[in-house]
Amino acid sequence: MFDHGFIEVHDANQNNLQHVNVKIPKDAISVFVGRSGSGKSSLVFDTIAAESRRELNETFPSFTQQYLPKYGQPDVGQIDHLPVAIVVEQKRIGKNARSTLATYTGIYSLLRLLFSRAGKPFIGYSDTFSFNLPQGMCKTCQGLGYVDDIDVKKLIDPNKSLNQGAITFVSFGPDTWRWKRYAYSGLFDNDKRLGDYTKQEMDTLLYAPQQTLDHAPTKWPKTALYEGVVPRIRRSIIGKKEAEHHKTALAEIVTRMPCPTCHGTRLRPEVLTCLINQTNIAQVLQMDLVKVRHFLNGIQEPLVQDVIRELLRKIDSLIDIGLGYLSLDRPTETLSGGETQRIKIAKFLTSALVDMVYILDEPSVGLHPHDIELIKRAILRLKEKGNTILIVEHNPALIAIGDNIVEVGPGAGTTGGHITFTGTYQALLDSDTLTGKLLKQPLTFRQPRPATSTISLQHIHRHNLKDVSVAVPLGIETVISGVAGSGKSTLVSALRDQLTAPYIDLAQADIGANIRSTPATYLSILDPIRKVFADANHVASSWFSYNGRGACPRCKGKGVTITNMAFMDPVVQTCEQCHGRRYNDQALSYTYHDKNISDVLRMPITKAQNFFADVPAIAAPLRNMARVGLDYLTLGQPLTTLSGGEKQRLKLAVELNRTGTLYLLDEPTAGLHLQDVKKLIQLFDELVADGNSLIIVEHNLEIISQADWLIDMGPDAGIYGGQVRYTGTPENSMTVKQSRTGQAMKQYNQAPERQQNNRH
């Protein structure tokens, strides 16, 4: 069947893999499935991808290698016939105020060249059109497109004097050193109400530039310079480290406004006079990709046809993968992980490279079933070019396109790490494996629970929302769905602004993970565990910290030693002194219920629950871990070893420890297997039964079908969306043609593999 050979993996033991041997066909699509934490990522990313990248790096001179990423030696016997791997991760682009879709994709460089050659009048070469270079950037905002404006009304209290604390901003209160810069200046009557100040006195207090004081009072420091409150805050607080400590206070007084000079275009006014077909470069950047294509097709200048051809090639690949709604000036920090991944896929579709192995990390995350069809076409095109595709995936629609399916399991953590199935999609359906059985199950619908009240949103105009009015029910589970970019998150943002009662907001932000981070530290139960040990042994709790007194002297509490080989990959070994236990001998000599601190941190959460059953501060968070299906993790497992699905559920477990009546969740099923989704549905039912309201932004059809109410946004993304297409029960949406979510559920149940089991 497979005529192009195989990638052969022998004796893989990375993380939880158990002596795995597997053959992966070349020039085919292989989809890796299984429970979250079963070992899929360990096999595909930490073994196959890591070995390919490491071997490639070793082909470069040693001098070059020191500047390349280090991937380490995976724990695998041998991998045969391994091509060069290109990994397309589910990862957001780093925060950079100067980075946009146009700059990230290289489109902006070509646009600058286009305007320098064909724009009239001629104002300069390519650099003149860059907002990141002095030649082109607006001088007022330095090419950022915005300025931070300080609201003076929130900075001072006109009814108070300086002695009474008229400057209300934190760190300017009476007797602080900053307050003394005004009270000791001799420029003001310290007992005079600010409301009674003359205009000159107020300008001096608020806006005076930095200056030396003539005839300063004796209290005034000899070397000090006087400066108005506003410029002092701009200079010494905003953008400095101190701003991190005053985020809330700054948010109250600082308003981000479009630059008054360039009006958000980021460019010098002269640059905007250069036109092509009555359009300047800033106006092109503000267009969505579909309109940019139309603009480029209207340019007939022979001199720039090669530039236009390259621009259209890049833009068409983005449109074909469903990103036509994005504008070129969209900041990259606002792109979702799914959008970023699709941008990368589009880039590789236009690449001339073939015979590669492309490794995709859950490309369905953040995508509506309608969008997934576009991803499917893109992946098939990559294969047709002569490439091997490996996909770690949970979405049934993407599993179905696999030429070869590999299931890893049977369970998660230590109960996983085995290959439980390899074969075709049809063979998977015919098998008795967990994934095979769940793929055949049709969607079922619950009897909707009655809402207790509603929040009415009226005439919302925000981003792409077009005069949206909708009632959001409370006391039940409500799902907001729709294609990516249709306005779901914007609608939730408008809802959030109307909430007056406390709520729990579970955003889809990655957790900060390093080698010292564990479930115990993330759940904030390590300190109570240390206290239990300290009290039982009558010693200081610092003995039970692997970051302090109790740390192994050799590995410094890491459990591993890392030897930097300069030009080669670092060598990571289990610490020979503590054998990976992280602690020194004295710390390990102290016990609680016959277990030392290392024994406890190696316990699975199921066992730890019983062990600490009589300590509520520890037992309660552990119960929540079990509720989200993470009871197989150990307390001391480094978070760097967790999969994306595990990290997502870990965040949810932390949020369950809080108190509140309204939960806002953003795609909680990201990275979850069908079995794990069922467990999540059970948890949501429990939360509603306890009197909570759930509002979930979600694309997973299983979650949607089990909700009480559906708000479907659309019809498309960006300016082509922003409308409420359906409100009502999920079941009734299947009869409404304008509801893309309803039609997706209908098609899902009509698939041949589910027809025989369809009881609806």
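Odds and ends about this structure:
- Listed by Cβ neighbour count within 10 Å, with the fewest neighbours leading, 480, 504, 399 appear as 504, 399, 480.
- Relative contact order of the chain, taken over Cα pairs closer than 8 Å and 6 or more residues apart, is 16 percent.
- Across all Cα pairs in the range 276-392, the calculated P(r) in 5 Å bins from zero up to the longest distance comes to 2, 10, 20, 21, 17, 13, 9, 5, 2, 0 percent per bin.
- Gyration tensor (Cα) of the range 43-103, equivalent ellipsoid semi-axes in angstrom: 27, 16, 10
- Qualifying chymotrypsin sites (Phe, Trp or Tyr not before Pro) in the range 392-452, where qualification requires a DSSP coil assignment and no more than 14 other C-beta atoms within 10 Å, are lacking entirely.
- Length gained on full extension, residue 202 to residue 623: 145.7 nm, using 0.36 nm per residue less the C-alpha separation.
- If you wrap the range 147-258 in the convex hull of its Cα atoms and look at it from every side, the mean projected area works out to 7.3 nm².
- Per-pair calculated FRET efficiency, R0 = 22 Å: residue 243 and residue 164 via Cβ, rounded to 0.05: 0.25
- In this structure, the pairs whose alpha-carbon distance is over 25 Å, taken from 70/376; 40/678; 26/314; 437/746, are 70/376; 26/314.
- Per-pair calculated FRET efficiency, R0 = 60 Å: residue 309 and residue 234 via Cβ, rounded to 0.05: 0.80
- By the count of other C-beta atoms within 10 Å, a proxy for reagent exposure, 252, 339 are ordered fewest to most as 252, 339.
- Placing unit charges on the Cβ atoms of the charged side chains and taking the dipole of the range 568-631 about its Cα centre, the candidate lying farthest along the positive direction among 583, 621, 598 is 621.
- Cα convex hull, the range 382-518: 239 Å³ per residue, rounded to a whole number.
- In this calculation the C-beta distance from residue 735 to residue 120 is compared with R0 = 51 Å, giving a FRET efficiency of 0.35.
- Taking the Cα centre of the range 519-641 as origin and assigning +1 to Lys and Arg Cβ atoms and -1 to Asp and Glu Cβ atoms, the resulting dipole is close to 120 debye.
- Ellipsoid semi-axes for the chain, based on the Cα gyration tensor and the rule √(5λ), read 45, 38, 31 Å when sorted largest first.
- Take every Cα pair under 8 Å whose residues are at least 6 apart in sequence, average their separation, divide by the length of the range 147-258, and the relative contact order is 32 percent.
- 222 nm mean residue ellipticity, helices alone, for the chain (DSSP H n ≥ 4; -39,500 (n - 2.57); rounded to 500): -9000 deg cm²/dmol
- As a proxy for reagent exposure, 535, 432, 157 were ordered by neighbouring Cβ count within 10 angstrom, fewest first; the result is 432, 535, 157.
- Among 465, 574, 264 - extreme Cα towards positive end, dipole of the chain, charges at beta-carbon: 264
- Reported to the nearest whole Å, the Cα centre-to-centre distance from the range 97-157 to the range 702-727 is 36.
- The stretch between residue 96 and residue 577, if pulled fully straight at 0.36 nm per residue, gains 168.9 nm over its current Cα-Cα span.
- Note on the range 519-641: Rg/Rh from Cα positions, Kirkwood definition for Rh, rounded to two decimals, is 1.01.
- In nm, spacing of pseudo-spin labels at residue 140 and residue 746 (7 Å Cα→C-beta vector): 5.3 nm
- Residue 521-residue 58 pseudo-label distance in nm [points 7 Å out on the Cα-to-Cβ vector]: 3.2 nm
- At full extension, residue 273 and residue 70 could sit 68.3 nm farther apart than now, given 0.36 nm per residue minus the alpha carbon distance.
- Nearest-20 debye value, the chain charge dipole, Cβ charges on Lys, Arg, Asp, Glu: 1480 debye
- Those lysines that a straight Cα-Cα span of less than 22 Å connects to residue 240, excepting residues fewer than 8 apart in one chain: 95, 139, 154, 180
The numbers here are math on the coordinates, done by the rules we state, and not lab data. This structure is a prediction, so every number in the text was calculated from the model and none was measured. So basically every Cβ, Gly included, is an ideal-geometry build from the backbone, and we count neighbours across all protein chains shown.
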